[in-house]
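The values are calculated or read from the model by the stated rules, or taken from the named source; none is laboratory data. These figures come from a predicted structure and were not determined experimentally. Positions of Cβ are generated from backbone atoms using ideal geometry, with glycine treated the same way; all protein chains shown enter the neighbour counts.
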Amino acid sequence: MTDLLFQEFPPIPSSSQTPQAIVLQENYEYDDTAPPVPPEFQNHVPHRMKHNGKLRLYKNEQGFLYMRNPAGDMGIVLFIRDGIHLHLVLPLRIMIIGTEFRPLLDKQQDQQPIVVTLTSGSSLQSGSTKLKRYLRTFWNCARHDTTTVMPLGLYAERYAELFSDANFMNNVNTIQTGIVPEAERVLRNGSFSLDNLLGLPDATTYSNSCQVIYLRIYIDLDGSGSVGFYVGQSHSVVRRMKEHEAVTTSGGREQRSCHYRVARKTTEDNRYAVVLCSWDSQNKISLNLLAIAEQTMMSLFDSYNSWISSSNPDTTFTTELRKTHNQAVYIKSVANEAKQKVGW
């Protein structure tokens, strides 16, 4: 399927409506010789593209809807295959209709480092400790900044699960109560030492939990005295720690990973892993909320790789990494604002 990125939209009838992106939600066989296809759109699909006289369309295929019939049940959609423009008349029930067409230049602007404009909802939130105030302020900022958050991949269904009035406070409280007591005592006032962190529960032997957010600590990188952090999540933390150590010592296919490049700058006795949050099988949380908890701890320890969160305009990213970059830049920006408000 051709990537639908245009400097301007391809020619369509002057009577067309504003094009909207669509994604097919099921496979479909299109017959351009049968009703309800209007005569002017019949026999337009090249014969070589048909199978048994029909064009096969596939679930998740993308196009642009630019005309609907008066009844509102059919529409004309532009697809592009092998450089050929296909204008197909399809039932609206087989597609998910998304956003209006935007030129390529506008989409390229989305790839630039995000400037965060925090709303009035980003004020300092209450809490009995700095840690609680930070968590509440941090996620309250993101919750109210929907114009930035939604395009970063937080789709409507996921946003509702995490940030709706019915769920938001319960989710924040779930993250707070998931912080293990030892970590809560160390982090509660925002002032702690490396020794404090090393005294947290050992992730390599921690077996009384179903879901865990952990912190890997790398000391004395290349003998420089520097320290590296890596935050991750696991449903089997002891096994995951063994996997991390095996990859670190093997120098295998993950050689290019920034995490393992840092890990290899330490000796085995200078690599540590501790538990920050845990939920047992009786209190298991959703994968979306677990991801939010992980992002919370990553923001707290600023453990993003410097290159992925770089705001340097000279830094370039592949298409698949650009969204991750934008997410990291945004979260770091919100975290910095929250830390300033809290006095972290």
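Condition first: part of a loop (DSSP other than H, G, I, E, B), at pLDDT below 80 and either among the hydrophobic types (A, V, I, L, M, F, W, C) or not assigned by the TED database to the domain that holds residue 144 (or both). Now tell me which residues in the stretch 305-344 satisfy that.
307, 308, 317
Have a look at 25, 20 and point out the one that is crowded, with 18+ Cβ neighbours inside 10 Å and within 24 Å of residue 157 (Cβ to Cβ).
20
Which of the residues spanning the stretch 203-221 are more than 18 Å from residue 258 (Cβ to Cβ), within 25 Å of the chain's Cα centre (by Cα) and surrounded by 21 or more Cβ atoms within 10 Å (Cβ to Cβ)?
Correct list: 211, 212, 213.
For every residue, the table says whether it meets (1) among the polar types (S, T, N, Q); (2) part of a helix (DSSP H, G or I); (3) in contact with a Ser or Thr (Cβ under 8 Å, 6 or more places away or on another chain).
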residue: 174; (1), (2), (3): yes, yes, no
residue: 189; (1), (2), (3): yes, no, yes
residue: 206; (1), (2), (3): no, no, yes
residue: 229; (1), (2), (3): no, no, yes
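Which condition breaks for residue 265 when tested against (1) at pLDDT 75 or above; (2) part of a helix (DSSP H, G or I); (3) surrounded by 13 or more Cβ atoms within 10 Å (Cβ to Cβ)?
Evaluating residue 265 over (1) at pLDDT 75 or above; (2) part of a helix (DSSP H, G or I); (3) surrounded by 13 or more Cβ atoms within 10 Å (Cβ to Cβ) leaves (2) as the failure.
Of the residues 154, 88, 104, which is modelled with pLDDT under 65 and aliphatic (A, V, I, L, M)?
It is 104.
I want to confirm something. Restricting to the stretch 56-78 and keeping residues that are crowded, with 20+ Cβ neighbours inside 10 Å and touching a residue at least 24 places away in the same chain (Cβ under 8 Å), which single residue is farthest from residue 29 (Cα to Cα)?
Filtering the stretch 56-78 for residues that are crowded, with 20+ Cβ neighbours inside 10 Å and touching a residue at least 24 places away in the same chain (Cβ under 8 Å), the one farthest from residue 29 (Cα to Cα) comes out as 66.
Of all the strands (runs of 3 or more DSSP E) wholly in the stretch 1-64, which have at least 1 residues that are farther than 13 Å from residue 77 by Cα and modelled with pLDDT of 85 or more?
Correct list: 28-30, 54-57.
Considering only the stretch 120-134, I want to know if a residue exists there that is at pLDDT below 90 and among the β-branched types (Val, Ile, Thr).
The answer is no, given that none of the residues of the stretch 120-134 is at pLDDT below 90 and among the β-branched types (Val, Ile, Thr).
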